[in-house]
Structures are given as structure tokens and as C-alpha cells.
Amino acid sequence: MISRTCTRTFHSLINRYLSHQPSSAISYLSSTPRFSFSTCSTITRTQNFSLSTIRSNCRRFSSEPPPLNKKGRQTPLPFMLLSFAVCAALTGASYAYSHFKKIEMEEERKKDEERKRKERTTKGKALIGGPFVLVNTEGETVTEKTFMGKWALIYFGFTFCPDICPEELEKIGEIIELLDKTPEAPKVQPIFISVDPKRDTPELIKSYLQDFHPDFIGLTGTKEQVKRATKAYRVYFSEGPDQAEGANEYIVDHSIVTFLVDPKGNFAANFGQRTSPEEAVSKIIDKMNDFYHGD
């Protein structure tokens, strides 16, 4: 009796729903393969029949397994899990890329600094020093290549200088003596280049340098040769006011500086008039250490 009542009630419900939304009812029934009529007990106890009521009761008693894919296997991981995996992979790749770029930029920065340092060093060497051709006190031709492989102290002056040149040459002699007493310091060659080729003959220079240090080498040359040498070392000199023909009493104005040249013929340091022999020796030792043990 109950089963018949349920059947009639269910059919009445479906017919009533079909009259209003036939397509939705058919779609709903076709998507629910198994339906238990025991739900009629629930349906008969309410006066409000709706599609949501039928759907909820039918799904409660449905025995259909989860849908399968085309290959008959269970569906893949949920979309959110896949999204998380993809995001994690992208984040890791992004971090690795940024880390790689950071290392690359740091290497480029170091290379750029090294390039600039070398440029500064090259420019510094190029500003002071260069080729020259002169003659020594024996009348022999001497060039900058003659002193390759040696440390040298070069001073530009003239033998008729009343006070400054003798003082500077005497100081260079003291520097050489202090370096000779330093075991770790290599031999340094003192060189005097005349800026007064008109009066400073090789014989006069040789006699003049005997009053200072026996290791001194004196150089002179023609007026043009001396000019090229002073230009290479950025040394200023001038004879002053024009002298009368045959006059031999005049002062040559010139730069007061001593240059340290390394064994490669490059400028290493310079010392002014106020630099003491001890300060000069300390600086020379530092430059030697940089030359032999630097980068």
C-alpha cells in the first residue's frame, strides 16, 4: 500500500515538474542512474516539493563511484594541488634565476673595477716617462732602454745651479746609501740629466757628479734631445731672460723633482724638495714590494 502511494506521489511530483521545466527534469533524471524509492517516505512528509529536495535525497542513496577518465583510470590530482606544484616550481625557478643574475652582476662589477684600476694605472704610467736619446759622460749614446731591468732615480738639473741642485743631488746620494744598507732592497741607479746643454758638456758633468755619489750617471745632449727628455717626464725648464751673445752667467729655472722608475721603464713615484731621505726610502721600499709582490 505504501509502495503504491510512493509511486503515485513520485510520478505526480515528476509530472508536475515536467510541466514547468521538462528539460531540467530529464537532465536531472539522466544524471542519476540509481534512485531508491525509500526516499518517498521523506517526500511524503513534506508539502513543498522541489528539484533540490529530489537531488539531495537521490544523491544520498546513490551507489555510483567517482567518474573515470577516458582511459578508465581515476581522475588526476585536484586542480589546487597542481596549481600549488606549478607555483612552487615557478618560484624556485625565479629564485634561481635572480640568484644567478646577482652573481653575474657581481662578477661584472668586479671586472669593471679591475678594468678601471688598470686604466688608471696605465694612464698614470703614460703621463710621466717615455723614450729619450741622450749621451753619457763618455760620449756614448744612451736611451731609456739602457736602464731596463734596473731601478733608477732620475733628476733634471744643471751644473751651474748655485744651491738647489747640489742639495737635491746630495739627498739622492743619501737615499742610495740608505738603500744599500737595506738587504731586501735591490740596487738603484742614480741618474742626472742636464737641462743646460749649452754649458753642460759631458766632461763637466762627469767632474761635477764626483762631489756627490760615485754611482751617478750624467746625461746630456743637443737642445732638441734634452727638450724631448724633459717633455717625456713633464719637467719644466727655461733659461730665463735672453742672454747676450757669449754670456755664460745665467740661471735655468726648472722643476725640482726626483723620479723613481721601475725595471720595466715605467714611472713608479716622485719626490719633491721637502721629502726627506728617510721618507723617500720608505716609499721606494713600498713601491718595490708592490712591483714584486703586488697583483
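The values are calculated or read from the model by the stated rules, or taken from the named source; none is laboratory data. If you're wondering where the values come from, they're calculated on a predicted model, not measured in any experiment. Counting neighbours? That spans all protein chains shown, and the Cβs are built from the backbone with ideal geometry, glycine included. When the accessible area is computed, the model is the full protein with side chains, heavy atoms only, and any ligands, DNA or RNA have been set aside. Shrake-Rupley method; radii C 1.70, N 1.55, O 1.52, S 1.80 Å.
Worth pointing out:
- FRET efficiency, residue 253 to residue 292 (Cβ-Cβ, R0 35 Å, nearest 0.05): 0.40
- 1.4 Å probe accessible area per residue over the stretch 158-295, in Å²: 54
- Residue pairs exceeding 21 angstrom between C-alpha atoms, taken from 150/198; 150/227; 187/223; 187/264; 171/283; 171/231: 150/198; 150/227; 187/223; 171/231.
- Estimated at 0.36 nm per residue, the fully extended path between residue 140 and residue 266 surpasses their Cα-Cα distance by 43.1 nm.
- Here the dipole of the stretch 185-290 is about 440 debye; that uses its Cα centre as origin and unit charges on the Cβ of Lys and Arg (positive) and Asp and Glu (negative).
- Full extension of the chain between residue 224 and residue 107 gives 37.2 nm of extra length, using 0.36 nm per residue less the Cα-Cα distance.
- Farthest positive-ward along the stretch 179-295 dipole, Cα basis, beta-carbon charges - from 210, 182, 289: 289
- Burial ranking of peptide ranges 184-191, 260-267, 152-159, 105-112 (average Cβ count within 10 Å, highest at the top): 152-159, 260-267, 184-191, 105-112
- Extension gain from residue 234 to residue 285, taking 0.36 nm per residue of separation minus the Cα-Cα distance: 15.9 nm
- Most to least accessible of 216, 160 (protein chains only, probe 1.4 Å): 160, 216
- Cα Rg over Rh - the stretch 122-273, Kirkwood: 0.95
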